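Below is one structure, written out as structure tokens; the observations come after it.
The values are calculated or read from the model by the stated rules, or taken from the named source; none is laboratory data. Small disclaimer: the values here were computed from a predicted structure and weren't measured. Cβ placement follows ideal geometry from the backbone for every residue including glycine, while neighbour counts extend to all protein chains displayed. For the accessible areas, the whole protein counts, side chains as well, though only heavy atoms, and no ligand, DNA or RNA atoms are used. Shrake-Rupley method; radii C 1.70, N 1.55, O 1.52, S 1.80 Å.
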Amino acid sequence: MPENKTTLQVNKYADRVLMTEVKNFEGAAHKAYADMARRTLRIKENSKERKVLKEQATEILRQAVEDLKNDSSDFPKWHEKSCNALIACYGGQISYGQAQKWLNMLLKYLYVYDVKGYETLFSPERIAALGMPVDSKVIEALHRKYNVKRPTAGWSVWDRNTYRAYQAAARSALQKNASDIENSDEQIPFYWELIHWPDASVT
């Protein structure tokens, strides 16, 4: 019946548009994985390989975040090391762009949902050091508003250098336009994405 089909469709895709509740690390990691894997991961959906790799990678992320809690002296180095560990776990079947997306969205969800046990990750100094989670929507918004150059390739196939260059360009644009930004928090890339991502009409 049409009613049943509609209900199934809504339930199946609800977490793509609703801020569903996240209570723990696994919930944050799995939600971040969905943001990375949707339409970009080429490993067969529902395959044993995909499930096993996801489980292994989630444990790698868990340990990485624990390491960050214990030693936050060099966040960029930690971020790159963690991305490389994810790529190695997948045997090179994911790009640096996909790895950073999973990692950045995980940090975003741990922050947004105030997941117990991870509150200390988000000092003002750490938030200032964080990059912004990037997708096509963010890329387009930053291009229109601050003329941040669009990379020639989509985020899901970025290499390390493209990722770093884009994050640096975004940060530079927000600082350069500080006089036109009323809310000083918007000069911080992590906060800018939180504020503007839900607004598809940002110009």
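Contact order for the chain, expressed relative to its length and based on alpha carbon pairs under 8 Å spaced 6+ residues apart, stands at 21 percent. Build a GNM of the chain with springs between Cα atoms under 10 Å apart, and of E119, E80, E21 the one that fluctuates most is E21. Farthest toward the positive end of the dipole of the chain, out of Y33, Y191, T152, is the Cα of T152, where the dipole comes from beta carbon charges about the Cα centre. Under 15 Å from a point 7 Å along the Cα-to-Cβ line of T120: which residues of the stretch 65-99 have their amide N that close? Hits in the stretch 65-99 for T120 at 15 Å: 65-73. Dividing the mean sequence gap of close Cα pairs (under 8 Å, 6+ apart) by how many residues the stretch 126-203 holds gives a relative contact order of 42 percent.
In the assembled protein chains, V157 presents an accessible area of approximately 100 Å² (probe radius 1.4 Å). A straight Cα-to-Cα reach below 26 Å connects K77 with the lysines K31, K54, K69, K101, K108, K116, K149, K176, residues fewer than 8 places away in its own chain not being considered. Legend: residues D35, D114, D180, sorted from most to least accessible area (1.4 Å probe; ligands, DNA and RNA excluded), read D180, D114, D35. Loop-located GluC sites (Glu not before Pro) in the stretch 27-67 (DSSP state not H, G, I, E or B) with no more than 11 neighbouring Cβ atoms inside 10 Å: E45. Computed from the Cβ-Cβ distance with R0 of 25 Å, the FRET efficiency linking Q175 to A153 stands at 0.50.
Only helices enter the 222 nm calculation for the chain: every DSSP H run of n ≥ 4 contributes -39,500 (n - 2.57), and dividing by all residues gives -20000 deg cm²/dmol, rounded to 500.
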